[in-house]
1. Which residues, counting only those in region 160-200, are surrounded by fewer than 21 Cβ atoms within 10 Å (Cβ to Cβ), in contact with a Pro (Cβ under 9 Å, 6 or more places away or on another chain) and within 25 Å of S142 (Cα to Cα)?
2. Being in contact with a strand residue (DSSP E or B) (Cβ under 8 Å, 6 or more places away or on another chain), free of Cβ contacts under 8 Å to residues at least 40 places away in the same chain and more than 22 Å from L79 (Cα to Cα) is the filter here; which residues of region 121-166 pass it?
3. Any residue at all in region 152-162 that is touching a Gly at 6+ places or on another chain (Cβ under 9 Å) and either farther than 19 Å from R88 by Cα or modelled with pLDDT of 95 or more (or both)?
4. Within region 207-219, can one find any residue that is surrounded by fewer than 17 Cβ atoms within 10 Å (Cβ to Cβ) and among the polar types (S, T, N, Q)?
5. Mind checking which residues of region 83-106 are small (G, A, S) and not in a strand (DSSP E or B)?
Amino acid sequence: MMALFFAPVLLWLCRNKLRRPQPPPLPGWTKLLPELCLAMAVSCSSRTSPSSPRQAVTPSQPAAHLWSKEDIGKSLQSLSGLGGVITRQNTMEMAPPFYKGTVPFSYIDKAIYLPGGLGSPAIDIPLYHEYPNWRTLFIYTSNMSAIEGLPDGAQTVDTQTGRVLAEAKRLSLVQGQGFDIEERHYGPVGELIFQCRSRISFGTGWKVRETDAMGKKDLEYYFLFPSG
C-alpha cells in the first residue's frame with residue numbers, strides 16, 4: 001500500500017528534475033531582429049528595382065540624334081533653287097491643345113514659296129519656325145514630301161547656344177486625321193530626357209495626342225507642326 005501511495009509522488013519528482021532548462025529571456029533589441037531583416041530586404045529591393053521612367057530614358061552620356069548634320073545639309077541642298085524664300089510674322093489667337101503659354105502668341109515662319117500658275121496652286125514649303133528662345137528647322141528627305149508640305153522630321157535648337165533641344169521624325173499617316181511623329185527631348189549634356197509618339201492633325205497642324213510617353217520634358221516644342 002505504501003508503494004502505491006509514493007509511486008505518483010516519485011514520478012512527479014522525476015519529471016520535474018528531467019525537465020529541459022528554458023533559455024534565458026532574449027534582450028529587448030533582439031525582438032526587433034525580424035523587423036530589421038524585413039527593412040533591410042525592402043531597402044535592397046528598392047535599390048535594385050526598375051528605375052523611374054525619366055531615368056529609363058536618361059543615359060549617362062549624350063544620346064544619338066535622329067538627324068545628323070549630313071541629313072540637314074542634304075535637306076537644305078535639295079530645297080535650294082525650288083523657289084523664293086519668304087519670311088512671315090504669324091500670330092495665333094487660339095492656344096493649341098499642347099501649348100502651355102499665353103495667347104495670343106507670335107512666331108516667325110520662313111518658307112519656300114512657289115506661286116501657282118495655269119490652274120496649279122501655290123506651293124508653300126516650311127523651312128523653320130522661330131520662337132523667342134528656340135528655332136525648329138524642318139527636314140525633308142525627298143522633293144515629294146517637300147512639295148506636300150509634310151516634313152519628314154524636325155530639329156529644335158536653342159537660338160542662343162545652338163544646343164539641340166528636341167527632335168521629331170514622321171512615322172505614319174493616319175487617314176483623315178493626320179500623322180504621327182516620334183518626339184525626343186534632350187537635356188543639358190545631350191542626354192535623352194523624354195520621348196513619345198505624337199499625333200499632328202491635318203489642317204490645323206496642332207498636336208492633339210501623345211502616347212507611349214517616357215520621361216519628363218522641360219518644354220513643349222511641337223504643339224504646332226506643318227501639316228500640308
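The values are calculated or read from the model by the stated rules, or taken from the named source; none is laboratory data. Quantities reported herein were computed from a predicted structural model and do not represent experimental measurements. Backbone-built Cβ (ideal geometry, glycine too); neighbour counts: all protein chains shown.
1. Matches in region 160-200: R170 only.
2. Listed by number, the residues that qualify are Y131, N133, D158, T159, R163.
3. no
4. Yes.
5. Across region 83-106, the qualifying residues are G83, A95, G101.
Listed here are the residues, each with its yes/no results for (1) out of contact with any Cys (no Cβ under 9 Å at 6 or more places or on another chain); (2) among the aromatic types (F, W, Y); (3) outside any loop (DSSP other than H, G, I, E, B).
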{"residue": "Y113", "(1), (2), (3)": "yes, yes, yes"}
{"residue": "I125", "(1), (2), (3)": "yes, no, yes"}
{"residue": "L150", "(1), (2), (3)": "yes, no, no"}
{"residue": "G203", "(1), (2), (3)": "yes, no, no"}
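Residue by residue, here is whether (1) assigned to a strand (DSSP E or B); (2) of a type in the set (S, T, N, Q) holds:
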position	(1), (2)
H65	no, no
G81	no, no
K110	yes, no
L118	no, no
P121	no, no
P132	no, no
S145	no, yes
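Condition check ((1) part of a strand (DSSP E or B); (2) more than 13 Å from the chain's Cα centre (by Cα); (3) under 18 Å from Y131 (Cβ atoms)) across all residues:
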{"site": "L165", "(1), (2), (3)": "yes, no, yes"}
{"site": "L171", "(1), (2), (3)": "yes, yes, no"}
{"site": "H185", "(1), (2), (3)": "yes, no, yes"}
{"site": "P188", "(1), (2), (3)": "no, yes, no"}
